[in-house]
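Okay, so here's the structure we're looking at.
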């Protein structure tokens, strides 16, 4: 899956990605960021979809290189 970072609150360790395919928000926790990636708003990312407590979440998040 791909999307763009919509929001990231570093001190709270969470954020949201807008999915390219659905334009819906998907939650992520900073523990799912790979390779010491620090997200910035509007950056393009790739990720996998998982679940936590019956909620859809983004996992294995990486910055997409153009």
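Beta bridges from DSSP with both residues in the chain: antiparallel share about 90 percent, rounded to the nearest 5.
Please check: in the Gaussian network model of the chain (C-alpha springs, under 10 Å), which one of 32, 19, 48 has the largest mean-square fluctuation. The residue with the greatest mean-square fluctuation here is 48. For a paramagnetic label modelled on residue 25 (point 7 Å from Cα along Cα→Cβ), amide N atoms under 15 Å away belong, within segment 35-53, to 41-42. Largest mean-square fluctuation among 41, 17, 26, in a Gaussian network model of the chain whose springs join Cα atoms under 10 Å apart, belongs to 41.
For segment 2-66, evaluate the Debye formula with one uniform point scatterer on each Cα (no solvent term) and list log10 I(q)/I(0) at q = 0.18 Å⁻¹, rounded to two decimals. Debye output, listed in q order: -0.55.
Which residues does a label at residue 14 reach in segment 23-39, if reach means a backbone N under 13 Å from a point 7 Å past the Cα toward the Cβ? Counting only backbone N, you get 26-31.
No lab work stands behind these numbers, since they all come straight from the coordinates. What you are looking at is a predicted structure, and each value in this text was computed from that prediction instead of being measured. Positions of Cβ are backbone-derived with ideal geometry, glycine not excepted, and every protein chain shown enters the neighbour counts.
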